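My questions will all concern the structure given below.
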Amino acid sequence: MLYPQRLTQFTKEHADTLAALLCGLLLFLGWLALHLGALGWALLLLPAAYVIGGYESAREGLTTLIKEKELDVDLLMIVAAVGAASLGLWRGEYHLIIDGAILILIFAISGVLEDYAMQRTEKSIRSLMSLTPDTAMVLRQGREEMLAISELQIGDEIVVKPGELIPTDGVIVSGYSTINQAAITGESLPVEKTVGAEVFAGTINGYGALRLKIHKPAASSLIQRVIRLVEQAQTEAPPSQQFIERFERGYARVIVVAGILLAVLPPFVWGWDWETTIYRALTFLVVASPCALMAAIMPTLLSGIANGAKQGILFKNGAQLEKMGKVRAIAFDKTGTLTTGQVEVCRVIAHGEYSQDDVLKAAASLESSSEHPIGKAIVQAATDVDWVHGVEVQAIPGKGIVGIAEDQKVIVGNGAFVQEYVGELPPDLQELAQSLEMEGKTVVWVAAERCDEIYALKSKTLHIYGVNASRRGGHLRAGVPPVEQSVRRAKAQRKLHKIVASSSSALHIYGVNASRRGAKAQRKLHKIVAPLSPASYQIMGIIAIADTVRSEAVAMIQRLRQMGVEEIVMITGDNQRTADSVARTVGIKQVYAELLPEDKLGVIRSLQQKYQTVAMVGDGINDAPALAQASVGIAMGIAGSDVALETADIVLMADRLEKIAVAIQLGRRSHSIVKQNIVVALGFIILLLMGNFLGNVNLPLGVIGHEGSTVLVTLSGLRLLK
């Protein structure tokens, strides 16, 4: 029972190849019968060759004609073959039936070769699909259980042994190993991974056993999204292909009209006999068909897309591959692009009464929900500090972040942004910040809303009462929280208590040992400070962030200039001094700093006015407007980012700047090969038309020339696979 199923499956998968082989066999037997004088057998075998070899083309051509009211090249071939056979039967020249059958056979073989070529371009995608295993070893109730990937749930923990394929995206919760990510990112060397690191489905575990926690459905894994995007790219025709397809529809009509005229006019104009005229008209239908022209573009672009996927360069569609070959200017973001993005806090400077822990605590509370590398670095630096997640947190693109941490409003951001709240930055901190920025570091300012301050002479413990408190130890009025604390401070050579509380009215302070309510008669109230305005802020301190310029950045910039890229600029929201320092290091002369997202958009537009085709390279998170505006938006170094996969036109799956030059080379090679293919296709058509008009090209030779040129340009496009 299994054997017939396999045979049926094999027949379905190779139907076109089997049809071409059977057509060739019947053609040979028909030719042999004709030469042996068995005309009856010949007239039986040759029509069978027509039917078997031409059935699929005839079906597709008629379907297109009926449903879409369009003439298909396949149908023109069948018409030419049937016309040749009819002419042969009419004149008794049976070799013309052989000519028509040869046309059918060559057309069928050409289709098989073209399908093979297209399958080659899809090979890398099919190999990606085969990378993910069907099952995974899941830990359930302390026991290992083998489950299908589709049965895995978010939160499940799975075990991956050394040498095994990782079945789905997850985070390492136990173990240490190296991961071969070549299939996803194109990186040739394994990457070390330990607890807390994310790993991707389809990558290969190295020498260590790992326990992973699943944090997304298997269908949403990075490799599945990449497969879907590349498949989508294969179905979307770029503008050049769309133009060719529109041209082909009109061109087919012109061929039919011209073929009819060639079949009718020559006997009256040049005195040709009708048999010769009709034969040449049929040959014209074959040699003038734009099959080679149609195959000049898409196989090339699909090969480029497949090649890019193998190297960790994800092109969204063929149009972006075409545009990369025309890029004249490139704009780079700084953090995470020209720098590693693996930033770390190198220094914390507290101001006034605040400590370093106070500064880190406030900043981490707000940055805990941030995806920006700087925010993540601050949270990492605050690991040993007791902080809580901020509330009402709002990110201000290009400026900073505001929110409430432990009932106190906090501002975190660049100097200009924080200055809007505090009014004036401390001169000593400003000078220190400028010095740090000259060293290429990014400085983050932290400010907090001031609270009410009440000072009293030293006593052991102070109780705070609202003005209308009815008894000692009573709570404050509505809206005023009870406070009881003792904090020593030095002021004017005396020890004072400093009590901080939010209030809407003045407060009376009573000593613990007051003999009765209204102790003002027993003890003087030394100082009452009325509540300050809630819009008043004070600087807590600054945080210096260090980032490292990528080691390959300098060579990459030089390489781009050698390739003829006319303008290379840096656009960043960071301060001018830090941006200038990084730009000098990598060799970029033009720097646009302290930009908001809309300002970056303006820079891209101005570059487009001068250079037309402009690429923008960013992190795909906070550069979305600029990435969308650029002729080609490139996101790099964020293999698992949904934003990158959705916003950018090209995603560099690995953290490697040199892939930008590779993408440009692929674009330029594809553009060059497409031009070569178009020249070859048009050249063949012109030569065959001239030969047909002069009577030097018969139908079989016309078919060989036509189909040969089609196969030639298709195979030419496959050069981009290497």
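None of the figures in this text is laboratory data; all of them are computed from the coordinates on show. Here the structure is a predicted model, which is why all the values come from computation and not from measurement. Using ideal geometry, Cβ is built from the backbone for each residue, glycine included, and neighbour counts are taken over all protein chains shown.
Here are some pairs, 216/659; 361/399; 193/323; which of them have Cα atoms lying more than 25 Å apart in this structure?
Violating the 25 Å limit, Cα to Cα: 216/659; 193/323.
Once you list every other residue whose beta carbon is under 14 Å from the beta carbon of residue 672, what net charge do they have if Lys and Arg are +1 and Asp and Glu are -1?
+4
Under 5 Å between amide hydrogens, which residues at least 5 positions from residue 654 or on another chain qualify, with H placed 1.01 Å from N in the peptide plane?
637
Hey, another quick one. Around residue 697, which amide H atoms from residues at least 5 apart in sequence, or from another chain, sit under 5 Å from its own amide H, with H modelled in the peptide plane?
692
Can you tell me the length gained on complete extension of the stretch residue 243 to residue 35, counting 0.36 nm per residue apart and subtracting the Cα distance?
In short, 70.1 nm is gained.
Something else now. May I ask you to evaluate 6.51 cos²θ - 1.76 cosθ + 1.60, the Karplus curve with θ = phi - 60°, for each residue of region 657-673 and list the ³J(HN,Hα) values in order in whole Hz, giving x for glycine and proline?
Values per residue, Gly and Pro as x: 5, 5, 5, 5, 5, 4, 4, 5, 4, 4, x, 5, 5, 5, 4, 5, 5 Hz.
Same structure again: Compute the signed sum of charges (Lys and Arg +1, Asp and Glu -1) over the other residues within less than 13 Å, Cβ to Cβ, of residue 377.
Counting the neighbours of residue 377, the net charge comes to -1.
Taking the alpha-carbon distance from residue 409 and a cut-off under 12 Å, which aspartates and glutamates remain once sequence neighbours fewer than 8 residues away in the same chain are dropped?
By straight Cα distance, residue 409 reaches 392, 449.
Per-residue HN-Hα couplings for region 19-25, Karplus 6.51 cos²θ - 1.76 cosθ + 1.60 at θ = phi - 60°, whole Hz, x for Gly and Pro?
The phi angles translate into 5, 5, 5, 5, 4, x, 5 Hz.
Cross-link candidates for residue 600: which aspartates and glutamates have Cα within less than 14 Å, leaving aside residues fewer than 8 places away along the same chain?
333, 574, 619, 623
Next question. Enumerate by residue number the trypsin sites (Lys or Arg not before Pro) in region 36-74 meeting two conditions: DSSP loop (anything except H, G, I, E, B), and at most 13 other Cβ atoms within 10 Å of the site's Cβ.
69
Still on this structure, I have one more. For region 29-35, what does the Karplus curve 6.51 cos²θ - 1.76 cosθ + 1.60, with θ = phi - 60°, yield as ³J(HN,Hα) per residue in whole Hz, taken in order and with x for Gly and Pro?
So the Karplus estimates, Gly and Pro as x, are 5, x, 4, 4, 4, 5, 6 Hz.
Can you list the aspartates and glutamates whose alpha carbon is less than 17 Å from that of residue 213, not counting same-chain residues fewer than 8 positions off?
Candidates past the 8-residue exclusion: 144, 145, 151, 156, 157, 164, 169, 198.
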